[in-house]
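Below: one structure, written as C-alpha cells.
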Ligand SMILES: Cc1ncc(COP(=O)(O)O)c(C=O)c1O
C-alpha cells in the first residue's frame, strides 16, 4: 500500500468541531436515542415559500439556471447585494466591489486567502467562531487570540492595541457573535476603528447574524466612517436571516482590489456558486422575509426561557446575549465534580457526559477558545428546549 503524504498546510487544521459534534448527536438520534441536539447553528424554520417557489420556477424555465454565471455571481444578484448593503447598512458599494460565494464561510475563506501571507498575524477576539483560526492557519498566518471574557465578550481598544504588532494584517469582527451572541454597539466598534486609524490593518466584519438582534441594533463596521469602510471586507449571507443554510450563498463587499483578489481565488476553486441558489437569493434579497419579525420574536422567547432555566441549574451562570441564537453559559463551577463515576475534568468531558448521560448535545467552550463555557443553540423547538433545560438542571443536581 502506498502511503500518501498530506500537505503541511492541511495538517495544520482540524475538522470543524461543531459539525463533528452535530454529526455525533445526529448519529445517536439515528440509533434511537432521544437526544436533544443543541449543537448546530442552523435555523429550525423553513426557507420562505416564495423563495423556494422562485427556484422551482427557474428550474422549470431552464436556460440560465443550467449554466455557469460570472465567477462573482449573476450581474443582477451583484446589484441586489449592493442594494441590500445600501438599504440595510447605509453602505455604498458598486457591483464590482461585490463577490457572491458558496456560503459566508467561503466568503471569509476567500477574504483570508486574499489578505494573509505566511507569518502574518490576524487578531481573533475569543470566544471565536471555530473556522477563523483554522482558515488563518491554512493560509500560513498566525491567529492572535485576544480573550474578551473579562470585558463582556467585547474587544476593547486597550486589548486590541496590546495585540497589534508590525505583522498584524487583519482584525476579525463578528457582531452578533457566534458563539456568545454578544452584540457590539457602535461605540464598541468605533473604539476599534479609532485604534486602526493610520494603520494598514484590514477588518473582516462577519455580519451573518445581522438580522437576529434582540437588544440594541446592528452596526456595520464599514458604516462607522470612510476610514473604516476603506479597510473593511463586510461579509454576510442568507443562511441565518432567511433560513437558507442549505442553499450555500454568502457574499462579501469591500475595497475593489481585495474583492478582485478574492474573485481570482474563487475563479480557481468553485467558480460561481450554484446558479439556482443565486436565483433564489435574488428573490430572497428583494426584501426581508415576512416571517422575520415572528422568527425573531420566537428566538427571543426561547433565549429568555433557556437563559432562565440555565441560571436555575445549580452552579451554571448564563448572561443574556443580545443576538444570534446561542447562549454561552459559564460552567466552571461544574468542573472537577463527578457525575456517577465520571470526573468532569474539563468542558469537553462535561459535554461528552451531557450527551451520553443527559442526552443533550452542546459544544465545549474550548472549541471557541473559551474553556469553562458551553454553547447551546436555541434554534430548536420550544418542546426540545424545555426538555433540554429540564435534563441539564437534573444533570446539575446529580453532580457530586
Ligand atoms: C459567525 C459565522 N460566520 C459564518 C458562518 C457561515 O455561514 P454560511 O452558512 O453562510 O457559510 C457561520 C455559520 O455557522 C457563523 O456562525
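Brief remarks follow.
- Among the residues of segment 161-188, those identified as under 17 Å from residue 133 (Cβ atoms), within 21 Å of the chain's Cα centre (by Cα) and not in a strand (DSSP E or B) are 174, 177, 178, 179, 180.
- Whenever a residue of segment 60-75 is exposed (fewer than 11 other Cβ atoms within 10 Å of the Cβ), its partners that are modelled with pLDDT of 95 or more, lying with C-beta atoms within less than 7 angstrom and at least six residues away or across chains, give the pairs 67/275; 68/271; 68/272.
- Checking every residue in segment 155-166 against the condition of being surrounded by 24 or more Cβ atoms within 10 Å (Cβ to Cβ) and assigned by TED's automatic domain parsing to the domain that holds residue 85 gives at least one match.
- Scanning segment 238-257 for residues that are surrounded by fewer than 22 Cβ atoms within 10 Å (Cβ to Cβ) and within 20 Å of residue 271 (Cα to Cα) returns 245, 246, 248, 256, 257.
- Of all residues in segment 372-383 being touching a helix residue (DSSP H, G or I) at 6+ places or on another chain (Cβ under 8 Å) and more than 18 Å from residue 182 (Cβ to Cβ), the one that is surrounded by the most Cβ atoms within 10 Å (Cβ to Cβ): 380
- Checking residue 140 against (1) surrounded by 22 or more Cβ atoms within 10 Å (Cβ to Cβ); (2) more than 15 Å from the ligand (Cβ to nearest atom), the condition it does not meet: (1)
- Qualifying residue in segment 224-231 (condition: in contact with a strand residue (DSSP E or B) (Cβ under 6 Å, 6 or more places away or on another chain) and either modelled with pLDDT of 95 or more or away from the ligand (no atom under 16 Å from the Cβ) (or both)): yes
- Evaluation of residue 303 against the conditions (1) in a helix (DSSP H, G or I); (2) at pLDDT below 95; (3) under 22 Å from residue 382 (Cβ atoms) shows that the sole unmet condition is (2).
- One residue stands out among those in segment 212-222 that are away from the ligand (no atom under 13 Å from the Cβ) and in contact (Cβ under 8 Å) with a residue 60 or more places away in the chain: the one that is surrounded by the most Cβ atoms within 10 Å (Cβ to Cβ), which is 222.
- Applying the set (1) touching a helix residue (DSSP H, G or I) at 6+ places or on another chain (Cβ under 7 Å); (2) in the same structural domain as residue 270 (by TED's automatic domain parsing); (3) within 16 Å of the ligand (Cβ to nearest atom) to residue 54 leaves exactly one unmet item: (3).
- Only listed residue being modelled with pLDDT of 95 or more, farther than 21 Å from residue 110 by Cβ and not in a loop (DSSP other than H, G, I, E, B), chosen from 276, 219, 258: 276
- All positions within segment 194-215 that are over 19 Å from the mean Cα position of the chain (by Cα) and more than 20 Å from residue 111 (Cα to Cα): 194, 195, 197, 198
- The residue of segment 168-195 that is nearest to residue 226 (Cα to Cα), among those that are out of contact with any helix residue (DSSP H, G or I) (no Cβ under 7 Å at 6 or more places or on another chain) and surrounded by fewer than 24 Cβ atoms within 10 Å (Cβ to Cβ), is 190.
- Residue identified as within 16 Å of the ligand (Cβ to nearest atom) and either outside the structural domain of residue 74 (by TED's automatic domain parsing) or within 18 Å of residue 82 (Cα to Cα) (or both) among 180, 283, 234: 234
- Residues within segment 34-58 that are closer than 25 Å to residue 288 by Cβ, in contact (Cβ under 8 Å) with a residue 60 or more places away in the chain and outside any loop (DSSP other than H, G, I, E, B), tallied: 6
- Whichever residue in segment 189-210 is assigned to a helix (DSSP H, G or I) and farther than 12 Å from residue 221 by Cβ and, among such residues, is nearest to the ligand (Cβ to nearest atom): 195
- Total residues in segment 99-128 satisfying the condition of being under 20 Å from the mean Cα position of the chain (by Cα) and either assigned to a strand (DSSP E or B) or modelled with pLDDT under 95 (or both): the figure is 8.
- A single member of 37, 111 is outside the structural domain of residue 205 (by TED's automatic domain parsing), farther than 25 Å from residue 287 by Cα and crowded, with 19+ Cβ neighbours inside 10 Å, and it is 37.
- Set 260, 319: member being more than 13 Å from the ligand (Cβ to nearest atom) and either under 20 Å from the mean Cα position of the chain (by Cα) or buried (at least 20 other Cβ atoms within 10 Å of the Cβ) (or both): 319
The values are calculated or read from the model by the stated rules, or taken from the named source; none is laboratory data. Given the structure is predicted, the values throughout are model-derived calculations rather than measurements. Here Cβ is always computed from backbone atoms with ideal geometry, including for glycine, and neighbour counts include all displayed protein chains.
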